[in-house]
Structure formats: structure tokens, C-alpha cells
Amino acid sequence: MVAKKAEKLPRKVYEKELLRLQTELVKLQEWVRATGTRLVVVFEGRDAAGKGGTIKRVSEHLNPRVARIAALPKPTERERSQWYFQRYVEHLPAAGEIVLFDRSWYNRAGVEHVMGFCTKQEHQLFLRQCPVFERMLVEDGILLRKYWFSVSDTEQQERFRRRLEDPLRRWKLSPMDLESITHWEAYSRAKDEMMVHTDITDSPWYVVESDDKRRARLNTIAHLLSSVPYHDVPPPVLELPDRPESTGYQRTPRDLQTYVPDHAARL
């Protein structure tokens, strides 16, 4: 029996709850900084599944010195000769930091495997080593959260179509993204095999239904907050000082500087 598609969450409801959750994310950030916690959040899923939009909402009001996004390009020749996980290790957080992986080491379980960018032996080695690697991270005290964004084939196709027609989002599409349409079942099998090997007690996968982007964003943020034992950290007491009396400084005349033209005045 096919599950009934949920109605799209109203924008007003979405925006109100998003603001509340983002306020909690700021509290989480301050707790991470104050306690020296290391938090890693992995965002995975098919192309156009909604990962990027969710990461944007998570990081929107956070301090980039505390919370940073790791979106690695394809490996260099030198990186290809390294241990597979090596280039990801250098992006792991230090004390008091949050790292959001926009795709991660799971590239090898998905696109590299399906598109033939790695050998079968390399893929099988990854499936054996990945649970060990993640257990090492958790045992060392890193909080690791993994989210898989699940989008239907019809919704993915519609999102691709909208991106093709929108000059502001056209850059999000690559020939490989479009080619993924023809490999839908191969990606599904690769995901299932990945889950069998890497959905472990120490670092479980959390699946996010993402046909409705608004629901997906709220559900992911709410779950992330509920999974971390953060608490309010009292901010330092700050007072705005009085401005001192002028000592005679005079502003540089406008005609001695080059100003940006007032484009807004012509609107």
C-alpha cells in the first residue's frame, strides 16, 4: 500500500517554527563552545534531496568560527593515493566546534560506487572500514549524527526541472546529477547495501522524508536538537559604554573618497 503524501506545510507555520528551532541551535552552539564538545553532522541523500537547503537553515544564524560546512571537491591525485578517510579526518572538529558535512566519506558508498569511480574492492573495503572508523570517532568523544534525505523519483525529477529553468539555481545541476536519473535503481541498491553495513548502534542512520522541504528541515533540526544533551549557557553580561566626548576629529571630505554609486536611488 502506497503511503499518502503529506500536505505541504504552510509557510507561516514553517517560518514560525524554524525561527524557534534556530534560536535553540544558537543555544546548542554556545553549549558546544562552552563545554568543548565536538559535533559532526553528516547530510547524505540523492541529488536534489534537500540536503543543502537544510544545512543552510541549520547554519544561518550560527557563528562560522564555531560551526562550519565541509563540502569537499573531488579528490586530487595525491588524495587518491591516501587512505580513503584521510582527507576527511583533517576536517573533523576540534573542541568547541561543529562540522556539517555536505556529503561525506559516504561518497564511496554512493556516487563513486554507482558511477564506477572506485573499484569493487575499494567499495567493499569501505563498507568494512567505515563502521570501525565511526566507532573510533565516537569512542574518542565526538558526537556523530547521520541523516539520509529520502526523496521520491517524481519529486527529484521535478526539482531538476525547476533548477534547469531557474538561472539562480542552474549552477546546482551538473551533467552527473542528470545522469543519476538513469541510475535510480542502482543508487537505491547502493543505499540499501550501505545501510546494512553502516547503520550501527554507535552511529545509526536517521532517515528524513524530504519530498516536502519545509517538513524535512524542521524535522531534521528538531531531531538534532533532541539528540544532544545541551542546556542554556548564560551569556556574559555586556553593557553598552557611553560614547566619549569628541576630541576634535573631523570626517574626511566626501570628495576625497570614491563612493559606491547609489544604485538603490534609481529603483
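What the table below lists for this structure:
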{"quantity": "Dipole moment magnitude, nearest 20 debye, segment 131-170 about Cα centre, only Lys, Arg, Asp, Glu C-beta charged", "calculated": "220 debye"}
{"quantity": "DSSP-assigned coil residues among trypsin sites (Lys or Arg not before Pro) in segment 138-179, each with at most 15 further Cβ atoms within 10 Å", "calculated": "Arg169"}
{"quantity": "Per residue Cα convex hull volume in Å³ - calculated over segment 166-230", "calculated": "143 Å³"}
{"quantity": "The chain - mean residue ellipticity at 222 nm from DSSP helices (-39,500 (n - 2.57) per run, n ≥ 4, rounded to 500)", "calculated": "-13000 deg cm²/dmol"}
{"quantity": "Two-site FRET efficiency, Lys27 against Arg169, from Cβ-Cβ distance with R₀ of 30 Å, rounded to 0.05", "calculated": "0.40"}
{"quantity": "Gain in span if fully extended, Asp140 to Ser81, counting 0.36 nm per residue against the direct Cα distance", "calculated": "18.6 nm"}
{"quantity": "Segment Ala264-Glu185, length gained on full extension (0.36 nm per residue, minus Cα span)", "calculated": "23.4 nm"}
{"quantity": "Whole-Hz couplings from phi, Karplus 6.51/-1.76/1.60, listed for segment 82-92; x for Gly and Pro", "calculated": "8, 4, 3, 7, 4, 6, 7, 4, 5, 9, 5"}
{"quantity": "Amide H partners (placed H, <5 Å) of Ala70, local residues excluded", "calculated": "Leu100, Phe101, Asp102"}
{"quantity": "Fraction of antiparallel bridges per DSSP, the chain only, in percent to nearest 5", "calculated": "0 percent"}
{"quantity": "Length added when fully stretched, His61-Asp232, from 0.36 nm per residue minus Cα-Cα", "calculated": "59.9 nm"}
{"quantity": "Loop sites in segment 55-127: chymotrypsin sites (Phe, Trp or Tyr not before Pro), DSSP, at most 11 other Cβ within 10 Å", "calculated": "Trp83"}
{"quantity": "Volume in Å³ per residue [convex hull over Cα atoms, computed for segment 129-173]", "calculated": "122 Å³"}
{"quantity": "Per residue accessible area in Å² of the chain, where ligands, DNA and RNA are left out and the probe is 1.4 Å", "calculated": "64 Å²"}
{"quantity": "Accessible area of the chain belonging to carbon and sulfur atoms, whole % at 1.4 Å probe", "calculated": "54 percent"}
{"quantity": "Choice from Val228, Val196, Val66 showing the highest fluctuation, given a GNM over the chain with Cα pairs closer than 10 Å", "calculated": "Val196"}
{"quantity": "Only Lys, Arg (+1) and Asp, Glu (-1) charged, at Cβ; segment 121-217 dipole about Cα centre in debye", "calculated": "500 debye"}
{"quantity": "Neighbour count of at most 15 Cβ within 10 Å plus DSSP loop: longest GluC sites (Glu not before Pro)-free window in the chain", "calculated": "91-238"}
{"quantity": "Distant-in-sequence amide H partners of Trp205 (H built 1.01 Å from N, under 5 Å)", "calculated": "Ile200"}
{"quantity": "Which label in [x] 25, 22, 18; [y] 38, 26, 22; [z] 30, 27, 15 gives the computed semi-axes √(5λ) of the Cα gyration tensor in Å", "calculated": "[y]"}
{"quantity": "The chain - charge dipole about Cα centre, Lys and Arg +1 at Cβ, Asp and Glu -1, debye rounded to 20", "calculated": "620 debye"}
{"quantity": "Total formal charge among the other residues, if their Cβ is under 14 angstrom from that of Val32, Lys/Arg +1 and Asp/Glu -1", "calculated": "+2"}
{"quantity": "Charge tally in the Cβ shell below 13 Å around Asp140, where Lys, Arg are +1 and Asp, Glu are -1, Asp140 excluded", "calculated": "-1"}
{"quantity": "Among Met115, Cys130, Pro75 - extreme Cα towards positive end, dipole of the chain, charges at beta-carbon", "calculated": "Met115"}
{"quantity": "Dipole of the chain, positive end: most advanced residue of Tyr249, Leu168, Ile98 [Cβ charges, Cα centre]", "calculated": "Leu168"}
{"quantity": "Residue among His263, Val228, Val40 farthest towards the positive dipole end of the chain, charges placed on Cβ", "calculated": "His263"}
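The values are calculated or read from the model by the stated rules, or taken from the named source; none is laboratory data. All values reported here derive from a predicted model rather than from experimental measurement. FYI the Cβ positions are ideal-geometry reconstructions off the backbone, even for glycines, and counts take in every protein chain you see. The area values use the complete protein model at the heavy-atom level, side chains included, leaving out ligands, DNA and RNA. Shrake-Rupley method; radii C 1.70, N 1.55, O 1.52, S 1.80 Å.
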